[in-house]
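Below is one structure, written out as structure tokens; the observations come after it.
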Amino acid sequence: MKNLLFIALVALITASCSHKHDKLPYLGEKELVENIVDGKTITDTVYQQIPPFQFINQDSLPVSEKNFAGKIYVADFFFTSCNTICPKMHRNMLKVYEKYKGNPQVGILSHTIDIKYDLPYRLKSYATKLGISGNQWQFVHGSKDSIYSFAAKSYLVAAYEDKADPQGLVHQGWFVLIDKQRHIRGAYDGTDATQVEHLLQDMDILLNEDEK
Amino acid sequence: MKNSTFFILILFAFIVGGSSCQSEAELNYIRYYTTGKQLYESNCQNCHGNDGKGLAMLYPPLTDSIYLKKNKNQLACIIKNGLKGRIEINGQVYEGEMPAQAKLSDIEIAKIITYITNSFGNQQGLHDAQAVNQDLKYCK
């Protein structure tokens, strides 16, 4: 009897472990919504979604959520003249780019928070020097009033102006993983190589999850 | 070649002399190098990488030993005052801007220089605070 229990326990643990690995959690706010289906009330959990957006990219072309339809993508916030965490972040983001290069189901979206300086041509020069061509990795420019609140509300990333900072701009180095339904499925410290390894594994899980 | 012969001679002298402890000069070099590594990690590594390979065409590598040798006496100036404009490293042209780090003291700069000029395939020995003090008088 004891043995049986033990086996059951082990089986349960293994089952829950493998289960854990084929689906990623949902992050951000959630809301319970009641729907009436066939006369019965059904409660559904609705997770936070990235709202529609409109930016200009490194080729001076408009970019919106439509460019990411049918894709999972990784989003971050940076600026080209940032000399603290950004070089580290993009050294790590290059790993994401290299691994999924040419995969139509994967995109990268880097938002500049330096609206004054990082005009599209500067983003282009930055992208080219980083070795990025094509539009799988989009570097985008928005308007100043919207970018900080957009970062905080949509992607849960803090970015703001700070007179006390030597560069005047402060932001967090999160890489935020978004699924095809524009839900937040992971957040990783983009300056930390181990967390970025984790991101790469989670991206494979997310791509598989969508296939099922 | 000359350098390594010299090094082997010194090593030989140590062995023959039966001295197992390190010379003061050697200890000094080790002190500079180890603190230099820490200073590199906090002030330079973001851009130039933990392996000194830089980042694509944005940040040049520190692996061009000819450049580092030729500009040895300008390295302190580069660190203290920053660097801007076209430079050629390992046959590639870079056109970026490295920010000045005026807050670093002569001894800190000396330690960083000792670290980078003895890592990433470079081997130039100690560059002490006095040398840095001299270098900084002749910045281009």
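Summary table
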item: Residue match in region B:120-135 (condition: surrounded by 17 or more Cβ atoms within 10 Å (Cβ to Cβ) and either in contact with a Pro (Cβ under 8 Å, 6 or more places away or on another chain) or closer than 24 Å to A:C86 by Cα (or both)); result: yes
item: Test: residue in region B:85-101 that is away from chain A (no Cβ under 14 Å), crowded, with 20+ Cβ neighbours inside 10 Å, on the phi < 0 side of the Ramachandran plot and not in a helix (DSSP H, G or I); result: no
item: When residues of region B:57-77 are limited to those that are surrounded by fewer than 20 Cβ atoms within 10 Å (Cβ to Cβ) and within 14 Å of chain A (Cβ to nearest Cβ), the one farthest from A:K129 (Cα to Cα); result: B:P61
item: Matching residues, region A:74-86, being within 14 Å of chain B (Cβ to nearest Cβ) and either at pLDDT 95 or above or closer than 18 Å to A:V157 by Cβ (or both); result: A:F78, A:F79, A:T80, A:C82, A:T84, A:I85, A:C86
item: Region B:32-43, subset touching a residue at least 60 places away in the same chain (Cβ under 8 Å) and out of contact with any His (no Cβ under 9 Å at 6 or more places or on another chain), residue nearest to the other protein chains (Cβ to nearest Cβ); result: B:N43
item: Test: residue in region B:31-41 that is polar (S, T, N, Q), modelled with pLDDT of 95 or more and in contact with a Gly (Cβ under 9 Å, 6 or more places away or on another chain); result: no
item: Any hit, region A:97-104, residues being part of a loop (DSSP other than H, G, I, E, B), within 13 Å of chain B (Cβ to nearest Cβ), closer than 27 Å to B:P60 by Cβ and free of Cβ contacts under 8 Å to residues at least 40 places away in the same chain; result: no
item: Those residues of region A:74-90 which are buried (at least 18 other Cβ atoms within 10 Å of the Cβ) and among the hydroxyl-bearing types (S, T, Y), in sequence order; result: A:T80
item: Matching residues in region B:44-56 - criterion: being surrounded by fewer than 20 Cβ atoms within 10 Å (Cβ to Cβ) and either in contact with a strand residue (DSSP E or B) (Cβ under 7 Å, 6 or more places away or on another chain) or away from chain A (no Cβ under 14 Å) (or both); result: B:G49
item: Answer residue from region B:104-115, given it is part of a helix (DSSP H, G or I) and out of contact with any Gly (no Cβ under 7 Å at 6 or more places or on another chain) and is farthest from B:G82 (Cα to Cα) among those; result: B:I107
item: Region A:119-145 - residue that is within 14 Å of another protein chain (Cβ to nearest Cβ) and assigned to a loop (DSSP other than H, G, I, E, B) and, of those, surrounded by the most Cβ atoms within 10 Å (Cβ to Cβ); result: A:I132
item: Set A:N35, A:N57: member being polar (S, T, N, Q) and at pLDDT 95 or above; result: A:N57
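Okay, residues lined up against (1) of a type in the set (S, T, Y); (2) more than 12 Å from every other protein chain (Cβ to nearest Cβ); (3) loosely packed, with under 15 Cβ neighbours inside 10 Å:
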{"position": "A:A69", "(1), (2), (3)": "no, yes, yes"}
{"position": "A:I72", "(1), (2), (3)": "no, yes, no"}
{"position": "A:N92", "(1), (2), (3)": "no, no, no"}
{"position": "A:S110", "(1), (2), (3)": "yes, yes, no"}
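The values are calculated or read from the model by the stated rules, or taken from the named source; none is laboratory data. Source: prediction; values computed, not measured. Glycine gets a Cβ as well: all are built from the backbone with ideal geometry, and neighbour counts include every protein chain shown.
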